[in-house]
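Since the structure comes first, as structure tokens, the remarks are kept for the end.
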Amino acid sequence: MMRRDECLKALAKHRTNEIVVPVYKAAQEWIVFSPHDLNYTFTGAMGQGPPHALGLALGRPDKRIIVLDGDGSLLMNLGCLVTIAHAAPKNFVHGVCQNGSYESNGGVPLPGIDQLSFAAMARAAGWTKVYEFDEQAAWEAAIPMLLRDEGPIFAVLHMDMGEDYPEDFQRLSSVPHRDAFIRALAADRG
């Protein structure tokens with residue numbers, strides 16, 4: 001089984017200039033591993049990461065958009081899978097950190113986690129590029145392909161919670177960081 005922090009560190013090594021939309025616990029770790037003005041951490045409520053990422057993907061088809069979602073968060077808005085598959089943005093990668101808990105809310109177990117398959121849900125919603133990873137080496141080997149291939153791409157990352165990292169909730173919604181994101185996005189227009 002992989003650990004989220006190790007998965008995200010591996011992804012951070014390959015990051016160039018992609019817009020990354022990390023949510024909740026993944027966001028807390030991502031801003032440590034890959035500080036960048038193109039980190040979009042302003043999604044608000046659970047389930048809103050993928051819709052925000054879709055808006056960015058449609059608005060900036062020249063940029064690769066990566067959403068780092070949680071399994072509990074995705075459960076709050078499964079309808080986004082259908083919407084994203086229908087829009088079919090070629091620059092979209094949806095990573096789901098599946099650890100079977102509402103981790104940000106104290107690690108409450110997800111109901112039915114042993115029976116559900118996010119990969120099957122994505123396929124049923126119309127996604128054609130769906131991957132699952134539960135070994136670090138396979139994940140690391142696939143990252144270049146995931147960052148290069150035409151999307152939309154859906155990747156389920158089966159993982160344990162990993163180490164505890166400092167949480168900075170003010171950073172996730174700070175006005176100065178939001179303004180820095182806006183400036184970086186404008187400056188990066190190809």
Within region 81-119, can you find the residues that are among the polar types (S, T, N, Q) and part of a helix (DSSP H, G or I)?
-> Thr83, Ser104, Asn105
For Ala87, state whether it is of a type in the set (Gly, Ala, Ser) and surrounded by fewer than 17 Cβ atoms within 10 Å (Cβ to Cβ).
-> yes
Just wondering, is there one or more residues in region 23-33 that are closer than 19 Å to Arg3 by Cα, surrounded by fewer than 21 Cβ atoms within 10 Å (Cβ to Cβ) and out of contact with any Pro (no Cβ under 9 Å at 6 or more places or on another chain)?
-> yes
Can Leu185 be described as in a helix (DSSP H, G or I), under 16 Å from the mean Cα position of the chain (by Cα) and closer than 28 Å to Gly79 by Cβ?
-> no
Checked Lys90, Lys9 against criteria (more than 25 Å from Gln170 (Cα to Cα) and charged (D, E, K, R)); the one match is Lys90
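Give Arg189, Arg171, Arg178 a once-over and let me know the one that is within 28 Å of Phe42 (Cβ to Cβ), out of contact with any Cys (no Cβ under 9 Å at 6 or more places or on another chain) and loosely packed, with under 12 Cβ neighbours inside 10 Å.
It is Arg189.
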Would you be able to say whether some residue in region 130-153 is touching a Gly at 6+ places or on another chain (Cβ under 8 Å), closer than 19 Å to Leu74 by Cβ and assigned to a strand (DSSP E or B)?
-> no
Exactly one condition in (1) touching a residue at least 24 places away in the same chain (Cβ under 8 Å); (2) under 21 Å from Ile84 (Cα atoms) is not met by Gln28; state its number.
-> (2)
What number of residues within region 142-190 satisfy the criterion of being acidic (Asp, Glu) and modelled with pLDDT of 85 or more?
-> 4
Any pair with Cβ under 6 angstrom, 6 or more apart, that starts in region 155-169 at a residue that is touching a residue at least 40 places away in the same chain (Cβ under 8 Å) and ends at one that is of a type in the set (Ser, Thr, Tyr) = Ala155/Tyr131
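A quick yes/no check of all residues on (1) of a type in the set (Val, Ile, Thr); (2) in contact with a Phe, Trp or Tyr (Cβ under 6 Å, 6 or more places away or on another chain); (3) touching a residue at least 60 places away in the same chain (Cβ under 8 Å):
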| site | (1), (2), (3) |
| --- | --- |
| Leu74 | no, no, no |
| Gln98 | no, no, yes |
| Ser101 | no, no, yes |
| Val108 | yes, yes, no |
Of the residues in region 43-80, those that are assigned to a loop (DSSP other than H, G, I, E, B) and more than 13 Å from the chain's Cα centre (by Cα) come to Gly44, Ala45, Arg60, Pro61, Asp62, Lys63, Met76, Asn77, Leu78
Can you work out which of the residues in region 110-131 that are crowded, with 17+ Cβ neighbours inside 10 Å and in contact with a His (Cβ under 9 Å, 6 or more places away or on another chain) is farthest from Leu81 (Cα to Cα)?
-> Trp127
Checking Ala57 against (1) touching a Pro at 6+ places or on another chain (Cβ under 8 Å); (2) of a type in the set (Gly, Ala, Ser); (3) free of Cβ contacts under 8 Å to residues at least 24 places away in the same chain, which single condition isn't satisfied?
-> (3)
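The values are calculated or read from the model by the stated rules, or taken from the named source; none is laboratory data. Because the structure is predicted, anything quoted here is derived from the model rather than measured. Neighbour counts run over all protein chains shown; Cβ positions are idealised from the backbone, glycine included.
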